[in-house]
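Here is the structure we will look at.
Read-outs throughout are calculated quantities, based only on the coordinates presented, and are distinct from any laboratory measurement. Computed from a predicted structure; not experimentally measured. FYI the Cβ positions are ideal-geometry reconstructions off the backbone, even for glycines, and counts take in every protein chain you see.
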Ligand SMILES: *Cc1c(COP(=O)(O)O)cnc(C)c1O
């Protein structure tokens, strides 16, 4: 295949090529990566090869600063670098004098949390498996938001700035498209970003829609500013119309011939409206066969809803007619529920864990026969740390090439009787931990102290403050059994005032947690992101996850931790239910009995925190048996559990997940 840039430029009409991109895209290279795989992927999509898929998602967490990092000839702009973060801890002196130095590029800032990371891990896996897939999303000009701590009073959301025009690997296209609405048109610039496979031999184009163009008026230019934030209902609706209908128009404008449209969450449900709008009503049934829908929301209140009058004000009458036909709920049928629209207009509906599948069937009994469950996963090449990966590589004769086939990680259990491996695994974990100790050196974190982490989006149902219900008990445990270090991180959505109070709660608890002679150290890290996540999931001893069942559809952060041999301390919800019979840690707390959601959420702080402390005590005792006076007890049951964790990563990864999508949803 001819790998010259003129061929690439013929396929991908790059805006400002001569003035800006010539230095980064030339001969055979694209920001330091080979051009050939891009051409191959583009050709497959343009020619309508077998099994082409379009994938729609509101957000993408691609880990662009830690995996397949593009290089640019331009120096990295300061706006495209991560900033130093503050820490709030009970080691106060360090907080006042130092901030956490982070020297890394910014991750493409178009995600907020787990949903985006899942989308990113999915498209990376599609690239690894050479599936011709085109991903569609939005270029959020101001990202999500930057979290700033406000002394100990909570979080102050700050607007974030980044520069798409100099972001390595991201290119604007000449193409602009037009989304026609009732009273106005919205123009959208298309951008492209290529997600390469781990072997750099295939690529997935991600098409990002951007309303910040001169053809639009001021208000329309801001529609693609901030993820999950708009000034009003119209803004929220327009963002979804941009993703669904705009995304569909973009795929057509680019000439991609696609066999299937996969909607990652209901945000993109209007894609069907765009497609069906080109057909006569007799063709609607046939059109539905092109759509597949993945639901990520277990909570009824979590589904996107819009009133009919809002739709009628914004959308073209003929488009509103299609929505009315397929998406309405409520006694008078005057509320659009995007979940209903997506379910009624797709050939396949799936939940993201077995438990979530059960919950969804209860919630939507009329659809229960059509709801399947495909448990989420994580992209192991992104989330497994370098040292663990290297250790397992050195045992490839037993384990096999787990990079190409993570299901082989099961074979780690064959090494259970090998004291050399057991010792090496422990030492490798300690090597990871020492990187964390170095990262947090000002806070005098210790390598020989049990370290627990809770890090994810701060939302009420995730119960971030559960472990702080009884600080005196924590102190007593730390003094009696052995010291504890607790790391915290997470952003609260700026409009979620309840979540905001949790950050405040946690900070107050940290403030109160002194007087344990240094045996209890708690740090809360500012501005949680993928970069910090990668460090935490591989460098701590215990991953704490305590959502209130059954509110967690899946959860994925624990899957990243098990890939690194990090033990779980978790309630039984989401993916964890499927691993409950495996010795990968301790499970505790309230068990959901399968009733439908009650009106108010009862958080069960009292009973579940007690159960948490009891489980933690057991884990602490076991942890402090591993190494005594510098001698490692290689037969420690803790090391068995670490191996069980890695072995479970054979299932909880996106290779297994994407293969399941192929078999059960995409049918190829
Ligand atoms: C994996 C990940 C999440 C998801 O965490 P859960 O515990 O599954 O909710 C959120 N944010 C970031 C940055 C992540 O990497």
* To do: Obtain the nm distance between the two label points defined at residue 259 and residue 324 by a simple spin-label model: each point lies 7 Å from its Cα along the Cα-to-C-beta direction.
  => 3.7
* When the scattering of the stretch 222-302 is computed by the Debye formula from its Cα atoms alone, each counted once and equally, what is log10 I(q)/I(0) at q = 0.12, 0.15, 0.22 Å⁻¹? -> -0.40, -0.62, -1.13
* Can you pull the one-decimal nm distance between simple spin-label points at residue 640 and residue 46, each 7 Å off the Cα toward Cβ? => 5.9
* Structure fact -> Burial-style ranking of 61-72, 179-190, 411-422, average other-beta-carbon count within 10 Å with highest first, yields 61-72, 179-190, 411-422
* Please report how far the C-alpha centroid of the stretch 246-316 lies from that of the stretch 463-480, rounded to the nearest whole angstrom. => 47
* Euclidean distance between Cα centres, the stretch 625-651 to the stretch 55-134, Å -> 30
* Asked: Counting pairs of alpha carbon atoms under 8 Å apart in space and at least six apart in sequence, what relative contact order in percent does the chain give?
  -> 14
* **Sorted largest first, extent of the chain alpha carbons per principal axis (Å)** => 74, 61, 48
* Under a point spin-label approximation (7 Å from Cα along Cα-to-Cβ), what is the residue 390-residue 217 distance to one decimal in nm? -> 5.9
* Asked: Which value results when the Cα radius of gyration for the stretch 499-580 is divided by 2.2 N^0.38 Å?
  -> 1.23
* To do: Just the Kirkwood number for the stretch 40-346, please: inverse of mean 1/r across all distinct Cα pairs, in Å, one decimal.
  => 20.5
* Using 1/(1 + (r/R0)^6) with R0 = 35 angstrom and r between the beta carbons of residue 185 and residue 78, what's the FRET efficiency to the nearest 0.05? -> 0.45
* Asked: Taking neighbour Cβ counts within 10 Å as the exposure measure, how do 17, 55, 551 sort from fewest upward?
  -> 17, 551, 55
* Relative exposure of 104, 380, 609, 6, judged by other C-beta atoms within 10 Å (fewest first) -> 6, 104, 609, 380
* To do: Report the calculated FRET efficiency for residue 299 and residue 69 (r = Cβ-Cβ distance, R0 = 41 Å), to the nearest 0.05.
  => 0.65
* Which Rg and Dmax, in Å, describe the Cα atoms of the stretch 380-653? -> 18.2, 55
* Which number do you get for Rg(Cα) / (2.2 N^0.38 Å) in the stretch 354-485? -> 1.46
* Overall dimensions of the stretch 391-446 as given by Cα atoms, namely Rg and Dmax in Å -> 14.5, 41
* Remind me, what semi-axes does the stretch 77-233 give for its equivalent ellipsoid, largest first in whole Å, using sqrt of 5 times each Cα gyration tensor eigenvalue? -> 31, 23, 14
* Sequence-separation-based contact order of the stretch 380-653, relative, with Cα cut under 8 Å and 6+ spacing, percent -> 24
* Tell me, how many Å apart are the Cα centres for the stretch 187-233 and for the stretch 430-447? -> 38
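Determine, for each peptide in 214-220, 268-274, the mean count of other beta carbons within 10 angstrom over its residues, then list the peptides with the highest first.
Going from most to least packed, we get 268-274, 214-220.
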* Cα pair distances of the stretch 548-596 binned at 5 Å [whole percent] -> 5, 21, 33, 25, 10, 4, 1, 0
* For the stretch 163-213, what does the equivalent ellipsoid look like in terms of its semi-axes, each the square root of 5 times an eigenvalue of the Cα gyration tensor, given largest first in whole Å? -> 28, 12, 7
* Asked: Which FRET efficiency, nearest 0.05, do residue 22 and residue 413 yield, Cβ-Cβ r, R0 56 Å?
  -> 0.60
* Cα-based convex hull volume of the stretch 451-610 per residue, rounded to whole Å³ -> 120
* Per-residue ellipticity at 222 nm for the chain, helices alone: DSSP H runs ≥ 4 residues times -39500 (n - 2.57), over residue total, nearest 500 deg cm²/dmol? -> -9500 deg cm²/dmol
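Express in % the proportion of alpha carbon pairs of the stretch 164-322 at distances exceeding 22 Å.
47
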